[in-house]
1. May I ask you to evaluate 6.51 cos²θ - 1.76 cosθ + 1.60, the Karplus curve with θ = phi - 60°, for each residue of segment 34-45 and list the ³J(HN,Hα) values in order in whole Hz, giving x for glycine and proline?
2. Which whole-Hz couplings ³J(HN,Hα) result when phi for each residue of segment 135-148 is put into the Karplus expression 6.51 cos²θ - 1.76 cosθ + 1.60, θ = phi - 60°, listed in order with x for Gly and Pro?
3. Measuring from centroid to centroid over Cα atoms, what is the spacing of segment 104-152 and segment 38-88 in Å?
4. Going by average Cβ neighbours within 10 Å, how do the peptides 66-75, 21-30 rank, with the highest at the top?
5. What are the lysines whose alpha-carbon lies under 21 Å from the alpha-carbon of Lys128, with same-chain residues fewer than 8 places away excluded?
6. Of the listed values (i) 14.6; (ii) 10.0; (iii) 11.5, grab the one calculated as mean projected area of the Cα convex hull in nm² from the structure here.
7. Once both axes come from the Cα atoms, what is the angle between helix 94-107 and the longest principal axis of the chain, in degrees from 0 to 90, rounded to 10?
8. Among Ser17, Gln143, Ala94, which residue has its Cα positioned farthest towards the positive end of the charge dipole of segment 12-143, with +1 placed on the Cβ of Lys and Arg, -1 on the Cβ of Asp and Glu, and the dipole taken about the Cα centre?
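Rule-based calculations on the coordinates, nothing more; no lab input. Note that this is a predicted model, so its numbers are computed, not measured. So basically every Cβ, Gly included, is an ideal-geometry build from the backbone, and we count neighbours across all protein chains shown.
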Amino acid sequence: LRDRFCTEAKISVLSNSTRIHKPEVREALMRVDNNILKLDTVNPEYILRTDRPQGNYDVEKVIENMCLFRGHIIVQTLFMQGESGGENYDNTSAQYVEPWLRALQRIQPRQVMIYTIDRETPDQALEKATHEELDRIGELIKQAGIPVSVSY
């Protein structure tokens with residue numbers, strides 16, 4: 001219908017990436033204009049604490065499957081700061097950003113979208129990443145040759 005009635009419209013799908021290992025899901029996502037897949041970090045412990053994926057989640061397998069899109073992918077990443085229950089939730093440090101950037105270089109997305117939390121969180125100790133931190137990370141992505149959009 002889009003092709004018939006509104007040829008200029010773009011179809012965007014945001015996915016948490018947990019089902020992209022299925023060929024039929026990957027094939028469907030290859031048909032949309034903006035295939036947006038989440039990858040908040042490559043640290044498995046952080047992902048389990050923060051994103052709490054259901055089932056067996058293997059971040060290395062997710063990255064391998066993202067590579068199968070051969071650039072027809074936009075990676076979306078949430079950055080935040082703070083502590084909760086004695087656990088650090090700051091994924092803006094080099095400890096998290098550098099391995100994530102290496103994963104992006106493997107994936108070779110056509111774009112990266114980075115952003116921070118924009119609403120109240122279940123734990124008031126979790127905070128937005130600062131504009132300065134997001135801009136710093138955005139600059140690292142640009143230096144890697146990948147287009148980036150930064151949202152505050």
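1. 10, 8, 9, 10, 7, 8, 7, 5, 10, 8, x, 5
2. Residue by residue, segment 135-148 yields 5, 4, 5, x, 5, 4, 5, 4, 4, 7, x, 10, x, 9 Hz.
3. The two parts, judged by their Cα centres, are 13 Å apart.
4. Per-residue Cβ counts within 10 Å, averaged per peptide and sorted highest first, yield 66-75, 21-30.
5. Cα-Cα hits under 21 Å: Lys38.
6. Computed from these coordinates, mean projected area of the Cα convex hull in nm² corresponds to label (ii).
7. 10 degrees
8. Ranked along the dipole, the leading option is Ser17.
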